[in-house]
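For reference, the structure is listed below as structure tokens.
The values are calculated or read from the model by the stated rules, or taken from the named source; none is laboratory data. This one's a predicted model, so the numbers in the text were calculated from it and none came from an experiment. Cβ placement follows ideal geometry from the backbone for every residue including glycine, while neighbour counts extend to all protein chains displayed.
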Amino acid sequence: MKRRDTVLKGIKELFYETRVLSGREYTIKRFAKEVLEGAVDPVMLGYIEKGTRFPNEALVRRLAAVRDEPAPPLLAVLYRDRMLHAFGRELRRALHDPKAVEGIADADLAVQVSRAVAALPDDGSWVPARTWRARIAGALRDKSRGSDVTRVVDILRERNLVEQEKGRVRRVARHYVAATPEERRALAMEFAAIFSKALLDKVALPDTSDTTFLRNHFLHIDRARLPEFYVRLEEAARGLAEEFADDAGAGTDFLNILLVGTPV
């Protein structure tokens, strides 16, 4: 049951995907009992697939055996998601957010905004809006979260990143800048997820890290020139993104580039 892009998914998607691709007859209860050989309670497996609980390492190793894959890439996904969960918990405390921690769902907003833009043709041509929304919903997987799709679409329209008319949509730009506190929190959590994935790619999974670029640039700079520096950095990143961007397809990868420059 080998499949690619393991490290790009969350641990909840890996469990759900494995169960579904094992056959339509595999309910959560049957999958837990017959495929995972009773290593996890069906109720707990349901929580894992929803992202509200994390599996232990032994269960992830068992999943790797079922998928006929080596365990380290799946364990790296587990470690990444745990780090993101911990980051979200501390971020909520720092922002005095009263909401309870709910897995890694807060990062979905920034991720889906990025993917929604990338799902549109690079040449700005029109596509059916219904098809585009279905792609966003498909990435979310949970059909009860239609409001999330609407929120993503609304954000893109408000920022003039997409244009809609007569049941069709096209891309206007690809550079999403978080504006509201909620969006900034989501972007911060997405950055935490991507940075932790990059670290795991380079350190824990060096044999599979060719697609991850990790660099550290540092300098002393006159405080008065910081605004100018950030503008030039943004211009350079935008230029590269526009030059190399291509339409989604079998021969392309979704690349997310996050920039941060901060005095330390």
Of the candidates R215, R225, R184, the one satisfying the condition of being under 16 Å from the mean Cα position of the chain (by Cα) and either surrounded by fewer than 10 Cβ atoms within 10 Å (Cβ to Cβ) or without any contact (Cβ under 8 Å) to a residue 12 or more places away in the chain (or both) is R184
Restricting the first residue to the stretch 232-257 and requiring it to be free of Cβ contacts under 8 Å to residues at least 60 places away in the same chain, which pairs with a second residue that is outside any helix (DSSP H, G or I) and small (G, A, S) meet a Cβ separation below 8 Å and a spacing of at least six or different chains?
L233/G261
Please specify each residue of the stretch 49-63 satisfying the condition of being modelled with pLDDT of 95 or more and part of a helix (DSSP H, G or I).
E57, A58, L59, V60, R61, R62, L63
